[in-house]
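J.: Handing you this structure, nothing more for now.
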Amino acid sequence: MTERLYYKDSFLHEFEARVVAVSAATGAVAVILDRSAFCPTSGGQVFDTGWLEVGDAQSSARVRVKDVAEDEQTGDVLHLVEGDVKPLQPGSLVRGTIDGERRLDHIQQHSGQHVLSAAFEKLYGFATVSFHMGEESCTIDLATDAISAKQLEAADKMANKIIAEDRPVEIRFATPDEARTLGVRKIPLAEREKLRLIDVRDFDLNACGGTHVRSTGQIGSILLRKTEKVKQGVRVEFVCGLRAVRTARRDFETLTEAASVFSTHIWEVQQQVRKSLDEIKAAQKAQHRLLEEVAELQAQQLLQSAEDRGGNKLVVQFFPDRDLGFIKMLAQKLTKSGNAVALLGCGGSQASLVFAQTQGLANDMGALMKQTVQRLSTRGGGNRDMAQGGAPDSASAEQALQQAASVIVVSG
Ligand SMILES: [Zn+2]
């Protein structure tokens with residue numbers, strides 16, 4: 001079983017070890033060492049990356065550690081490497097170096113999670129049922145049906161206060177029985193001789209195998225993000241430390257850009273967006289009213305000049321600059337009274353067709369539209385009296401209108 005150096009010191013970035021085995025069994029080449037500071041993916045934390053180096057000042061070779069996993073049966077740490085592994089022979093001495101920036105990020109997220117989970121538990125009795133560390137942000141799932149904005153704010157405040165107090169964070173080892181009497185927050189189900197405990201002084205004691213800060217001040221800060229309902233409770237997204245700074249910076253830039261669009265202060269963006277949306281809605285309403293009036297007038301004109309066969313009218317008209325909404329409105333107005341058939345087309349943003357007739361006339365507009373769109377290789381349909389469909393372009397829409405007009409029965 002690999003001796004895990006990070007169990008005692010999360011800030012150990014360089015170490016020496018001996019190669020125990022090199023195997024290609026899992027697809028990638030896995031190197032097992034007698035001891036390692038590399039932390040594998042487990043318990044919500046993601047793996048370290050870094051380098052393994054062999055040789056001396058005269059001749060040395062190194063391979064990249066791109067992933068680190070845990071062999072659950074043997075307890076070995078598997079360093080998955082890329083590059084020439086020939087120099088890594090069992091028995092040879094290696095120097096390991098982990099990527100410090102990545103490790104610090106993991107430490108900040110993971111310790112931040114312990115503090116945040118403890119805050120939710122202390123304040124509201126919400127137990128953390130799972131923890132996930134992602135590339136961008138982290139999440140915990142809390143065993144509760146709902147969280148209010150007030151509760152989020154209170155947990156955020158408590159967690160950040162614990163960070164500001166810079167409380168010592170110590171690593172302790174205890175048997176499961178000892179852990180129970182110590183009041184450990186969550187004791188893992190797996191039977192182990194010794195549990196590793198992370199002790200945030202006078203605030204939280206939890207069993208964990210991950211890498212952690214020496215004192216809460218190193219977490220920097222916790223920034224709570226969105227919440228979402230999930231199967232096992234409520235998921236809370238958060239970022240800690242330098243990630244929180246990066247995230248806040250990005251939020252600020254986004255807000256600043258939005259504020260400059262509205263020529264306002266970032267704190268006024270919300271009101272400005274609401275105001276703009278209200279204005280857009282009002283303008284749309286006014287536009288709709290005007291279009292109704294235009295359609296009404298146009299319907300009267302078109303009916304006056306339409307072909308009249310025994311009291312029935314046939315209107316065939318193409319509108320290059322109108323859109324589907326308008327020709328539908330117009331079709332309704334043309335066919336609502338009297339006996340009329342309207343075959344309308346538009347260019348607009350998307351060439352479209354509308355076929356309509358006054359209820360009770362002898363044509364089947366749905367069937368006619370189906371034939372038309374089949375010829376045009378587009379989509380459309382409707383019922384006996386009203387149908388709509390698409391056209392590839394204005395020219396083919398106009399042509400389709402003439403074709404449809406030739407089969408219309410108006411004198412029925
Ligand atoms: Zn943990």
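The values are calculated or read from the model by the stated rules, or taken from the named source; none is laboratory data. Note that this is a predicted model, so its numbers are computed, not measured. Cβ: placed from backbone, ideal geometry, glycine included. Neighbour counts: every protein chain shown. Remember, those area values only see protein heavy atoms, side chains included, never the ligands or the DNA or RNA. Shrake-Rupley method; radii C 1.70, N 1.55, O 1.52, S 1.80 Å.
J.: What figure, in Å² to the nearest 10, do you get for the accessible area of Met158 with a 1.4 Å probe and non-protein molecules left out?
T.: About 50 Å², ignoring ligands and nucleic acids.
J.: Taking a threshold of 29 Å on the Cα-Cα distance, which of the pairs Lys231/Lys281; Lys66/Lys231; Lys186/Lys231; Lys122/Lys226; Lys8/Lys161 fall above it?
T.: Lys231/Lys281; Lys66/Lys231
J.: Could you list the trypsin sites (Lys or Arg not before Pro) in the stretch 92-190 that lie in coil according to DSSP, counting only those with at most 15 other Cβ atoms within 10 Å of their Cβ?
T.: Answer by residue number: Lys186.
J.: Please report, largest first and rounded to whole Å, the three semi-axes of the ellipsoid equivalent to the stretch 338-412, where each semi-axis is the square root of five times an eigenvalue of the C-alpha gyration tensor. Let's see the in-between values first.
T.: On the way: eigenvalues 82, 26, 23 Å².
Working from the Cα gyration tensor, I get semi-axes of 20, 11, 11 Å.
J.: Shifting gears a bit: Averaging over every viewing direction, what projected area does the convex hull of the Cα atoms of the stretch 155-305 cover, in nm²?
T.: Taking the Cα atoms of the stretch 155-305, their convex hull projects to 16.5 nm² on average.
J.: I've got another one for you. Using only the Cα atoms of the stretch 238-313, build the gyration tensor, take square roots of its eigenvalues as a ≥ b ≥ c, and label the shape rounded, prolate or oblate: rounded if a/c is under 1.5, else prolate if a/b is larger than b/c, else oblate.
T.: Prolate is the answer for the stretch 238-313, as a/c is 1.5 or above and a/b outweighs b/c.
J.: With +1 on the Cβ of every Lys and Arg and -1 on the Cβ of every Asp and Glu, and nothing else charged, how large is the dipole of the chain about its Cα centre, in debye rounded to the nearest 20?
T.: 1040 debye
J.: What is the dipole size for the stretch 1-88, taken about its Cα centre, with +1 at each Lys and Arg Cβ and -1 at each Asp and Glu Cβ, in debye to the nearest 20?
T.: For this selection, approximately 100 debye.
J.: Moving to a separate point now. Considering the dipole of the stretch 301-368 built from charges on the beta carbon (Lys and Arg +1, Asp and Glu -1) around the Cα centre, which of Val315, Met365, Gly338 is farthest to its positive end?
T.: Positive-end residue among those listed: Gly338.
J.: Quick one, what does Rg over Rh come out to for the stretch 276-317 if you take C-alpha atoms and the Kirkwood Rh?
T.: 1.30
J.: Given bins 10 angstrom wide, list per bin the percent of all Cα-Cα distances in the stretch 1-147, short to long.
T.: Spelled out bin by bin, the stretch 1-147 gives 11, 38, 28, 15, 7, 2, 0 percent.
J.: Give the long-range amide H neighbours of Arg322: residues separated by 5 or more places, or on another chain, with amide H under 5 Å away, using H modelled in the peptide plane at 1.01 Å from N.
T.: Those lying under 5 Å, H to H, from Arg322 are Gly347, Gly348.
J.: Add -39500 (n - 2.57) for each DSSP H run of 4 or more in the chain, then divide by its residues: what number comes out at 222 nm, to the nearest 500 deg cm²/dmol?
T.: Computed ellipticity for the chain at 222 nm equals -11500 deg cm²/dmol.
J.: How long, wide and thick is the stretch 263-412, going by the Cα atoms along their three principal axes, in whole angstroms, largest first?
T.: Largest first, the stretch 263-412 extends 66, 33, 24 Å along its Cα principal axes.
J.: For Phe38, Phe252, what's the largest-to-smallest order of accessible area, 1.4 Å probe?
T.: In descending accessible area the options line up as Phe252, Phe38.
J.: Compare the peptides 393-401, 374-382 by average per-residue count of other Cβ atoms within 10 angstrom and give them in order, highest first.
T.: Result, highest mean first: 393-401, 374-382.
J.: Quick one: net charge of Ser59's neighbours, Cβ under 15 Å, K/R +1, D/E -1?
T.: Details: positive: Arg62, Lys86, Arg95; negative: Glu53, Asp56, Asp84.
After counting each charged neighbour, the total is 0.
J.: Using only Cα atoms, locate the centre of the stretch 107-182 and the centre of the stretch 4-53, then give the distance between them in Å, rounded to an integer.
T.: When both Cα centres are located, 27 Å separates them.
J.: Based on the alpha carbons, how large is the Rg to Rh ratio for the stretch 164-233 when Rh follows Kirkwood?
T.: Ratio of gyration radius to Kirkwood radius for the stretch 164-233: 1.05.
J.: Counting Lys and Arg as +1 and Asp and Glu as -1, each charge on the Cβ, what is the dipole of the stretch 309-409 about the Cα centre in debye, to the nearest 20?
T.: 280 debye
J.: Here's a follow-up. 5 Å is the cut-off here: which amide hydrogens, built 1.01 Å from N in the peptide plane, fall below it relative to Thr2, excluding neighbours closer than 5 in sequence?
T.: Placed amide hydrogens put Asp76, Val77 under 5 Å from Thr2.
J.: If I take the Cα coordinates of the chain and project them onto the principal axes, what are the three extents in Å, biggest first?
T.: Per principal axis, max minus min of the Cα coordinates gives 102, 53, 43 Å.
J.: Return the sequence-ordered ³J(HN,Hα) values of the stretch 172-183 in whole Hz as given by the Karplus equation 6.51 cos²θ - 1.76 cosθ + 1.60 applied to θ = phi - 60°, using x for Gly and Pro.
T.: 10, 10, 8, 6, x, 5, 4, 4, 4, 5, 6, x
J.: Consider just the alpha-carbon atoms of the stretch 25-80 and return their Rg together with their Dmax, both in angstrom.
T.: Expressed in Å, the Cα Rg and Dmax of the stretch 25-80 come to 12.3, 41.
J.: Taking the Cα centre of each part, how many Å lie between the stretch 286-332 and the stretch 225-254?
T.: 53 Å
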